[in-house]
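The values are calculated or read from the model by the stated rules, or taken from the named source; none is laboratory data. In this text the structure is predicted, and so the values were computed from the model without any measurement. Heads up, the Cβs are rebuilt from the backbone with ideal geometry, glycines too, and the neighbour counts pull from every protein chain shown.
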Amino acid sequence: MSAAETNAAPWWKTAVYYQIYVRSFADSNGDGVGDLQGIIGKLDYLNDGTPNSLGVDCLWLTPFYESPNVDFGYDITNHCSVHPEHGSLADFDRLVAEAHRRGIRVIVDYVVTATSDEHPWFAESRASRDNPKRDWYIWRDGWNGKPPNNWIAVSGGRGWGLDPATGQYFYHPFFECQPSLNWRQPDLRRAMLDVMRFWLDRRADGFRIDLLNHLVVDEQMRDNPRSWKGWYAGRFQQPLCTRDQPESHEVVAAMRTLLDEYGEKMMVGETSSFPWEPSQAHTFVNSRELNLAFNMEFFVYRFQAQKFREVVDRYERVAAADGWPAWTLSNHDIPRHFGRYGGARIIYGERADAVARARVCAAMLLTLRGAPFLYYGEELGMTNRWLPRRWMKDPIGKKSWPLFSRDCWRTPMLWTPGPGAGFTTGDPWLPLDPDADRLNAQTAGARPDSLLNFYRRLIWLRKELPALQIGAYEPVAAADPAVFAFRRRTANQSLFVALNFTDRAIPVAGAAGGNVRFSSEPWRTDAGARLTLAPYETVILEE
Ligand code: GLC
Ligand code: CA
């Protein structure tokens, strides 16, 4: 039955994605900083073709390009390069070849909205008002000694930097050292599309596109409306003129046309940003624009079946017929969900049920319709490490947020017990998780009941069940709102999935019996006459 169905689906629909924060994944030369060679050494852990490995299908590598590293790679000075601390272009080619040999695909970060202020383009652009590259960036006169308008940056503070030499302001959507590119300028557009060609020619399988919803800003530079409702980056303003501009659709379509020249490649957009309210993300996902866009609405909610279900049902209603969802619970910009949902070892210590909750999260992500994006280390139960301010490296933590910085969830991957946790033989660039000896992949891999082995089982099961990969999604009323239940269905297969979000046993309505294909409870062999879920149990029945 199955093979034909899933073979017809493009790889990017059925893949399980895994985000590697390159700086923190594996360090091959002892300088404390992760590198491409390090990743090559860990490919077998990621997928060696057997259920002893995690089984992920596609890696997203965060930026490894030349950069002064104020925003750790998101401030680029050369898009077509590898920062020497992460390796070389030859290492990149080797990584792709080694990954492909194992059936793993590799997508790279395409940082389109801004560059570093040290990028040679910006140096030219700021040199004089009549420099040919002046309008590759967004320059405007101030007004009465103030910036051109009220726009603010996602990272907080005003969105304009002043260049004293030429007396004009430049717009920046994030840090001031990241001036915004002007995609209305045809030469700039060509130069940036050439960046895509560069990586596709090196056999990258696609792109994760950074800050895509901020790609274009209002041409008339109108103020963003004030709003008491819309708390946004620390100000009461609605980003109507700085986000989701209609012109960006046409740019994305141009990217897609280029991408499609290379066969079956993909791109996934970061099309929502803080505070991750229901966004316009889905409007970019269709067969002319993005293959996928992250749905980040889970970030907003606590661990609650009903809220998660609302997010999914709402998205399923608005998604285009030729669209495909992409779900994620953690990334390098927000606290890890293990910490958010009970394992915040920072202040309170870990809840007794933190791992049980993490299992439910993994099961939800891996059974929903759409592409699941995992963040490195979530399979180990890595959490957010508390850091004294003097150890923080990310400007956000150093300045505005006293307790957290994004460093707290970017700490090194844990591979083995002992000093350096197998991440490095030297001094790690950020301190390790204090629980490294318990959580590391080697120790967890050997424990049958570990979170890591739970992820492995589910990911490999997903490959066996076409309905989990490509089946339609049908919500099921489970009677008790603390259970999230749904069906996944293809023409030949029907699966009933039920997730218990509580520490109570709960009888479930709607299950029509069937074979147990999966349960988080090792003792469960059948659904019984009436299915009652154990606390935090996940069940998948084949009907
Ligand atoms: C995105 C990235 C984030 C980066 C920012 C600026 O939101 O995910 O890490 O700091 O863009 O490029
Ligand atoms: Ca290194």
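Side notes on the structure shown:
- Answer residue from segment 515-543, given it is charged (D, E, K, R) and without any contact (Cβ under 8 Å) to a residue 40 or more places away in the chain and is surrounded by the fewest Cβ atoms within 10 Å (Cβ to Cβ) among those: Arg530
- Only one entry in Asn7, Asn47, Asn69 is touching a residue at least 24 places away in the same chain (Cβ under 8 Å) and either within 16 Å of ligand 2 (Cβ to nearest atom) or not hydroxyl-bearing (Ser, Thr, Tyr) (or both), namely Asn47.
- Residues that are exposed (fewer than 14 other Cβ atoms within 10 Å of the Cβ) and in the same structural domain as Leu259 (by TED's automatic domain parsing) number at least 1 in none of the strands (runs of 3 or more DSSP E) confined to segment 99-205.
- When the criteria are applied in full, Ile39 fails the requirement of being within 16 Å of ligand 1 (Cβ to nearest atom) and among the aliphatic types (A, V, I, L, M).
- Annotation: Trp429 fulfils all but one of (1) of a type in the set (Phe, Trp, Tyr); (2) over 23 Å from Glu350 (Cβ atoms); (3) outside any loop (DSSP other than H, G, I, E, B); the unmet one is (3).
- Scan of segment 79-98 for residues that are among the polar types (S, T, N, Q) and either surrounded by fewer than 16 Cβ atoms within 10 Å (Cβ to Cβ) or over 19 Å from Met192 (Cα atoms) (or both), ordered by number: Ser88
- Any chance Phe373 is crowded, with 23+ Cβ neighbours inside 10 Å, at pLDDT 95 or above, assigned by TED's automatic domain parsing to the domain that holds Thr257 and within 22 Å of Gly206 (Cα to Cα): yes
- You will find that of Ala512, Ala505, the residue that is under 22 Å from Tyr473 (Cα atoms) and not assigned by TED's automatic domain parsing to the domain that holds Arg357 is Ala512 and no other.
- For Arg208, the conditions (1) within 16 Å of ligand 1 (Cβ to nearest atom); (2) assigned to a helix (DSSP H, G or I) all hold with the exception of (2).
- Residues in segment 20-36 that are aliphatic (A, V, I, L, M) and within 16 Å of ligand 1 (Cβ to nearest atom): Ile20, Val22.
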